[in-house]
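Q: Below you will find the structure I want to go over with you.
The values are calculated or read from the model by the stated rules, or taken from the named source; none is laboratory data. Since we're looking at a predicted model, the values are computed, not measured. Please note: Cβ atoms are built from the backbone with ideal geometry, for glycine as well, and neighbour counts cover all protein chains shown. We work out accessible area using only protein heavy atoms, side chains counted, and drop any ligands, DNA or RNA first. Shrake-Rupley method; radii C 1.70, N 1.55, O 1.52, S 1.80 Å.
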Amino acid sequence: MSTLRMSLFMAAVTLPVWLASADPVAGPATNAPAVVSRPKIGLVLGGGGALGMAHVGVLQVLEARHIPVDYIGGTSMGAIIAGLYASGMSADEIQKLLLSVDWWNVLKDQTPRREVYFRRKKDDGRYFGGIELGMHHGRIVGRRGTASGQKFNNLMSAATLRSAGIARFDDLPIPFRAVATDLQSGTAYVMDHGNLPLSMRASMAVPGVFTPVEIEGHTLVDGGIVNNLPVDVVRAMGADVIIAVDVGGSLAKAGAKQKYEGIGDILGRTYAIAQRPEQDRQLAKADVAIVPELIGFSAGQFHRAADIMPRGRTAAEGQAAQLERYAMDPEAYAAHRAAQYRPAANGLMISNIVVTGLSRVDPRVAAGRVGTQPGTPIELKHLNRDLMRLYALGEFDQVGFRYLAPPLGSNTLEYVVEEKAWGPNYLHMGMRLTSDLDQESSWNVLFNHRRTSLNRLGAEWDTDAELGSERSIKTEFYQPLDFQGILFVAPHGGYEVKNQGIYEGEQRVAEYQVRTWEGWLDGGVQLRRYAELRSGYVLRDVSAGLETGDADLPDYTATEAAWSTRLVLDTRDRTVFTTSGRIVELEAELGREGLGGDTGYDRLSARTLQAIPLGAGALHVSAIYGTDLDDGLPSHALFELGGETSFMGLSEGQLRGEKVAGGSLGVQHALGKLPPNLGRATYLIVRTDIGDTWMADEDPDWLIGAGAGLGADTILGPLYFGYGRAEGGRSSFYLSMGTFF
């Protein structure tokens, strides 16, 4: 019989005797035994990345067996689970939350493309993995981690709203501690007050993965570096009994038997080796040690949460005999948990809205991205929308929020932004390789410089330099005319050298080099996230000369002047491997001698693509039409068909003419997901095309083509390999990798 049960038994036996011997007049004897109380139990949850999902299973067993938790603390992922539980959530609610998360999305800071203002949509898929550098005093600098944890932090903020207004962690439904590492002192930093979700995030700021967190002058990173299982911290809170959960223990014991094939495996193992001695010392101080069997899983496999959580339940059930000593009576436990539980925060009213942390960005520009209004209740859907739109400005490393309920504030919703330390001069890079495994191959590298916040309205100067098979330099000064970013003017221009193939049937018989100098003066309207209308004057000098082959075409040199108008509507979820949404492009360029050109011409075109979700993939329907209105077109400006995204079975630009018409029908099927640190998914793509190009004095000769390929949406850009055939014996392989620009 346990000590606790023996004490209760003795009290029950001796109490009637003591009552019988007591003097009814004098009252109870002064030497009466003390009231027996249960020991205070502290729960310690260790770090381990995705392995920490096993903590949820442990919590479920503790609840099912009526084991109370009076104090709770953790490190890294352990601090995340512990913080959620301390805020008043149940184990089942935590499980439901974590299983509902799209980890491919949450572990990346990028705003969903649909919520990005139109001007930033072109950045999607253009640069390597969203990598962004900055320039300071001639030095190239970057962020201090691959991600700021933006979305993850806001997920935690929303989940812990039920405890809004609590600044001292001892005042939470369950007293809580989170452990981080102080970079300045190199020691453990124990957080017992402040912003709860920010403290949880600081404890999980894995160096090189997530950026450090600044709290009260301390630069904090992952607590697992110095104390991955903080038994001593929770003991110091007042716990009599410690239950410790070590999610890395089974992997540590199996270390010699495991294979370490990738850099991630090697770094993870190195990290674990450094942590292990202190973790073993802490585990030895626990009264109950729970070590889930997690061999076969890794710290980065958040997408396998549903498989990891049951391992925690199994491990906790394996310690049932030890846990049972601390079980409460079912009714008493129900009352205990009822006092700790907090329902989800619904209907919290907003009296004020503020945006803090702004320096370069004008508050009116930031306010233009916030749709939530004072006098309304918090709605997480609208709150997340505001956060995403603020982040999509491209000026912030992090955008978070706090709800300041009394006594911290008067129901104020505070959007807390942190401007990028490496801005406002940003550098990006992209690269693309293509080949048909026969006649054609090309490579191009893109370098981009963007200077933002040139004035209070948010003007920016954007410059692209492209090297490789084609060469160009283009620059644009973009000046918004209002704080909402709706009206703008955009003078831009540049120089470009590109190659243009000439085909006879399947054979590429010649290649022209086209050199273009051009300048534009545009103005327009950005219709928030959905569309842009711009119109303006363009002046262009073009020269085209034969580079290789023997084509019966003259060289071309001319000055062109035109009025150009372009409308683009874009609601696609992604630029490449689109699963839903549409793009519509309408363009008209009217060249006139009276505007300063050598010749007159008309070039009108329309393109559209609609992606319709279809099971595990999407149905793509697209169409194109272009005409010269029978006025003729310069040879360099002829419409083109051919290539993996234009017409299967034809080479890039194989068909050229003054008119074009066509359509395609394709199916994109997702074969499987990639790990979040490698990309998104792999796809099977099947498409059929119909169309033609022709000159004004000809009739179209409609061609049909079809093809299939395999694609992968990777962190380095889309990877595609396919094959297509078209009528007339035409066929082509397609290999492409890298970003689109």
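Q: Would you grab the residues whose amide H sits under 5 Å from the one on Gly485? Only those 5+ places off in sequence or on another chain, please, with H modelled 1.01 Å from N.
A: Placed amide hydrogens put nothing under 5 Å from Gly485.
Q: Which cross-chain or sequence-distant (5 or more) residues have an amide H under 5 Å from the amide H of Gly717, H modelled 1.01 Å from N in plane?
A: Excluding prolines and chain starts, which carry no amide H, the hits are Gly129.
Q: Next question, about the same structure. For Lys40, list the aspartates and glutamates whose Cα falls under 17 Å from its own Cα; do not include residues on the same chain fewer than 8 positions away.
A: Within the straight-line cut-off, Lys40 pairs with Glu63, Asp70, Asp170, Asp171, Asp232, Asp240, Asp287, Glu324, Asp329.
Q: Taking the Cα centre of each part, how many Å lie between the stretch 155-209 and the stretch 66-88?
A: Value for the Cα centre distance between the two parts: 11 Å.
Q: Give the residue from Pro39, Tyr333, Pro554 lying farthest towards the positive end of the charge dipole for the chain; charges sit on Cβ (+1 for Lys and Arg, -1 for Asp and Glu) and the dipole is referred to the Cα centre.
A: Most positive-ward Cα: Pro39.
Q: With θ set to phi - 60°, apply the Karplus curve 6.51 cos²θ - 1.76 cosθ + 1.60 along the stretch 664-676 and write out the HN-Hα couplings as whole Hz, x wherever there is a Gly or Pro.
A: 8, 9, x, 10, 10, 10, 6, 7, x, 8, 8, x, x
Q: Ranked by accessible surface with a 1.4 Å probe, highest first, in what order do Ser564, Ser635 come?
A: Details: Ser564 10, Ser635 50 Å².
Putting Ser564, Ser635 in descending order of accessible area: Ser635, Ser564.
Q: Continuing with the same structure: If Phe401, Phe128 are ordered by their accessible area, calculated over protein heavy atoms with a 1.4 Å probe, which sequence runs from highest to lowest? Provide the component values of the computation, followed by the final result.
A: Values: Phe401 10, Phe128 40 Å².
Largest to smallest exposure gives the sequence Phe128, Phe401.
Q: To continue, here is another question. How much accessible area does Lys151 have with a 1.4 Å probe, in Å² rounded to the nearest 10?
A: Probe radius 1.4 Å; accessible area of Lys151 about 30 Å².
Q: Rounded to whole Å, give me the distance from the Cα center of the stretch 334-368 to that of the stretch 685-741.
A: 49 Å
Q: Can I ask one more? Mind ordering 288-297, 111-120, 92-101 by average Cβ neighbours within 10 Å, highest first?
A: Values: 288-297: 20.8, 111-120: 18.9, 92-101: 15.8.
Ranked from most to least packed, the peptides come out as 288-297, 111-120, 92-101.
Q: With a 1.4 Å probe and every protein chain kept in, tell me what percent of the accessible surface of the chain is carbon plus sulfur.
A: Details: 19490 of 33130 Å².
Exposed carbon and sulfur together represent 59 percent of the surface.
Q: Taking only protein heavy atoms into account and a 1.4 Å probe, give the accessible area per residue of the chain in Å². Kindly include the intermediate steps, with their values, before the conclusion.
A: Working: 33130 Å² over 741 residues.
Accessible area per residue: 45 Å².
Q: For a quick check: with amide H placed at 1.01 Å from N, whose amide H comes under 5 Å from Met135's, ignoring anything fewer than 5 positions away on the same chain?
A: Amide H neighbours of Met135: Val141, Asn425.
Q: Could you order Tyr683, Tyr71 by accessible surface area, starting with the largest, using a probe radius of 1.4 Å?
A: Sorted descending by solvent-accessible area, the residues read Tyr71, Tyr683.
Q: From the phi angles alone, apply the Karplus equation (6.51, -1.76, 1.60; θ = phi - 60°) to the stretch 691-705 and give each ³J(HN,Hα) in whole Hz, x where the residue is Gly or Pro.
A: x, 5, 10, 7, 8, 4, 9, 10, 10, x, 10, 4, 10, 10, x
Q: Only helices at least 24 Å long along their own axis, judged from Cα atoms, and with Kyte-Doolittle mean hydropathy of -0.5 or greater: name those in the chain from DSSP H.
A: Values: long enough: 3-21 (27 Å, 1.35); 263-284 (31 Å, -0.56).
Both cut-offs are met by 3-21.
Q: Oh, and also: Take every Cα-Cα distance within the stretch 551-608, group them into 5 Å bins from 0 onward, and report for each bin the whole-number percent of pairs it holds.
A: Spelled out bin by bin, the stretch 551-608 gives 5, 16, 16, 13, 13, 12, 10, 9, 6, 0 percent.
Q: What do you get for GluC sites (Glu not before Pro) in the stretch 640-713 restricted to DSSP loop and a cutoff of at most 16 other Cβ within 10 Å of the site's Cβ? Working shown, then result.
A: On the way: sites: Glu640, Glu644, Glu652, Glu658, Glu698; in loops: Glu644, Glu652, Glu658, Glu698.
For GluC sites (Glu not before Pro) across the stretch 640-713 that sit outside H, G, I, E and B with at most 16 neighbouring Cβ atoms in 10 Å, the list reads Glu698.
Q: Could you please state, rounded to a whole Å, how far the C-alpha centre of the stretch 441-515 is from the C-alpha centre of the stretch 390-423?
A: Cα centroid of the stretch 441-515 versus Cα centroid of the stretch 390-423: 34 Å apart.
Q: Rolling a 1.4 angstrom probe over the protein chains, ignoring ligands and nucleic acids, what is the accessible area of Ile715 in square angstrom, nearest 10?
A: 70 Å²
Q: Quick one: Karplus J couplings for the stretch 357-371, per residue in order, coefficients 6.51, -1.76, 1.60, θ = phi - 60°, nearest Hz, x for Gly and Pro?
A: x, 7, 9, 6, 8, 5, x, 6, 5, 5, 4, x, 9, 9, x
Q: If the convex hull of the alpha-carbon atoms of the stretch 666-741 is projected onto planes in all directions, what is the mean projected area in square nanometres?
A: Mean orientational projected area (the stretch 666-741, Cα hull): 6.4 nm².
Q: What pairs in Lys420/Lys673; Lys121/Lys381; Lys108/Lys673; Lys108/Lys420; Lys420/Lys474; Lys121/Lys673 have C-alpha atoms more than 20 Å from each other? Don't skip to the answer; put the middle values down first.
A: On the way: Lys420/Lys673 31 Å; Lys121/Lys381 22 Å; Lys108/Lys673 15 Å; Lys108/Lys420 16 Å; Lys420/Lys474 25 Å; Lys121/Lys673 24 Å.
Over 20 Å Cα-Cα: Lys420/Lys673; Lys121/Lys381; Lys420/Lys474; Lys121/Lys673.
Q: Moving on. How much solvent-accessible surface does Tyr537 expose, in Å² to the nearest 10, with a 1.4 Å probe and all protein chains in place?
A: 70 Å²
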